[in-house]
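Following: one structure in structure tokens, then a few remarks.
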Amino acid sequence: MGSSASAMPAAEYSIPKVIMASSVGTMIEWYDFYIFGSLAAVLSPKFYPAGNDTIALIAYLSTFAVGFLVRPFGALFFGRIGDLVGRKYAFLVTLTIMGGATALIGFLPTYQTAGWFAPITLLLIRVLQGLALGGEYGGAAVYVAEHVPDSRRGFYTSFIQITATLGLFVSLIVILVTQQSMTPDQFKNWGWRIPFLLSIVLVSISLYIRLKMKESPIFTQIKSAGMTSAQPLKDAFGKWENFKRVLISLLGATAGQGVVWYTGQFYALFYLQSILKVNPKTANIIVAIALLIGMPFFTVFGALSDKIGRKWLMMAACLLAIMTYLPIYHAMERAAGNNVETVKSTKNKVTGAISLTPLTRDEKNELVAAKEAPNPNMPLLVALVLVQVLYVCMIYGPIAAYLVEAFPAKIRYTSLSLPYHIGNGVFGGHGASGWLMDLRGHRQYLCGFILPDDRGDDYADMRNDLPKGDARSQDLGRSGRRARIGALRHSRRDRNEKKAA
């Protein structure tokens, strides 16, 4: 099985091109997520009736949440297509839907112009985006993993993992640059459309590259051997042996990963802006610098997982998070410099909306509303956010390889997509944003790890499904040997070419 991708002629694919084709679409996913969320205060009055900005914001955020809720359904729908028809076809469709829907938001008329057509259309767009996102990540991870040598799966799939943080980084930069290039009124009136419209460029590049790519070599081998699943959903969730792996992947891996990911990046930004009252622009710069420094560590930990295993790195990330989040966030409070001591939660009697008011002490030692942090310690805040980003790298860098190796190739797309999107959407997206912590009683819910040490053997999975003595088993065994021989030949050829050069 080992270097199954190496069995393909070298001219038919290039690993860097495979990674780029897969990762750009995944980056668009996260770019869209953060653009839509970050501009909530600006966009909510645009798409809902005027007169009550709080209700408009709640309605907008509810529309935003719909994207999370439908992602598991997209995982099932497109995962089934990916296991039946092919990985390439499935994520070509998801990329087209996702990128097109993101761009449509940039063209969408406001409530003032189009009435209720605007919010209803925005909701439908978010449903389409959520469905497409459900199929995008699984397709990208599987496509890359099935092209690369097994011994370096962690390293190569970690480039897919970078795209989530890269999407956040790019979204922050785009918002900052757009806001700096125009007046606040211009950005509020029409400049907010620019970040959405930029996705057209990203989608066009990714589609151009993806259309030129061939199908995954492992899926091609399965299909030629007649070993694809006729009922991926039934095989993935109707058989206890595989369903058990789905539950382990969800409760033991992706749930904890989702909480660590969203806490270390998304909640850190929220905490700086809303709790510590750091200027929003300054907070964006702090998080952007930490992300830029931390991104290379996704590949570092991905490569390390190839040597020592995925499980222990991911467990270490969760353990470190549990042990250090409390002192990290206390240190962030001190570094902000405005002595925020606690927060007061106030519930609006009409809308039910909950607002948080950071409190500090005045000269009389009484709790009063905190003002904006006048002189935050930026280097220290960058370092504290960076530590959290490194936890993200430790658990998120290896997890794509772990999920790919946890399931048989014939139902891999379907099996890994569902636990990933439930873990990130429910435990991470809704969980991390819902379990907000005050400075006196930080709470964080991290899942325990019960991961088996799996190193997936794609050809072994296929051979085990065949009746004993089936001639196809010998063919698959020879395919695995040819893959390893091909890898050695390509390696020798590369060394000879370098010497000749």
> What would the Debye formula give as log10 I(q)/I(0) at q = 0.10, 0.27 Å⁻¹ for the alpha-carbon point model of region 263-343, no solvent?
Replying inline: -0.32, -1.30
> Using a simple spin-label model with points 7 Å from Cα along the Cα→Cβ vector, what separation in nm is obtained for M20 and A316?
Replying inline: 3.3
>> Out of the total accessible area of region 88-171 (probe 1.4 Å, heavy atoms of protein only), what percent is carbon and sulfur?
In response: 76
>> Give me the extension gain from Q112 to Y89: residue separation times 0.36 nm, minus the current Cα-Cα distance, reported in nm with one decimal.
In response: 4.3 nm
>> If I model a spin label at K223 and L123 as a point 7 Å from the Cα along the Cα→Cβ vector, what separation in nanometres do I get?
In response: 3.9
> Ranked from the most accessible area to the least, with a 1.4 Å probe and all protein chains present, what is the order of W190, W240?
Replying inline: W240, W190
>> Whole angstrom only: what separates the Cα centroid of region 225-292 from the Cα centroid of region 355-376?
In response: 33
> At a Förster distance of 41 Å, what's the computed FRET efficiency of I205 paired with A50, Cβ-Cβ distance as r, to 0.05?
Replying inline: 0.60
> So which of K281/K371; K88/K223; K239/K307; K244/K410 end up more than 23 Å apart, counting from Cα to Cα?
Replying inline: K239/K307
> What is the Cα centroid distance between region 322-338 and region 86-129, reported in whole angstrom?
Replying inline: 39
> At a 1.4 Å probe radius, carbon and sulfur cover how many percent of the accessible area of region 274-413?
Replying inline: 62
> With all protein chains present and a 1.4 Å probe, how do E405, E372, E341 order by accessible area, largest first?
Replying inline: E372, E341, E405
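The values are calculated or read from the model by the stated rules, or taken from the named source; none is laboratory data. Given the structure is predicted, the values throughout are model-derived calculations rather than measurements. Positions of Cβ are generated from backbone atoms using ideal geometry, with glycine treated the same way; all protein chains shown enter the neighbour counts. For accessibility, only protein heavy atoms count, side chains too; no ligands or nucleic acids. Shrake-Rupley method; radii C 1.70, N 1.55, O 1.52, S 1.80 Å.
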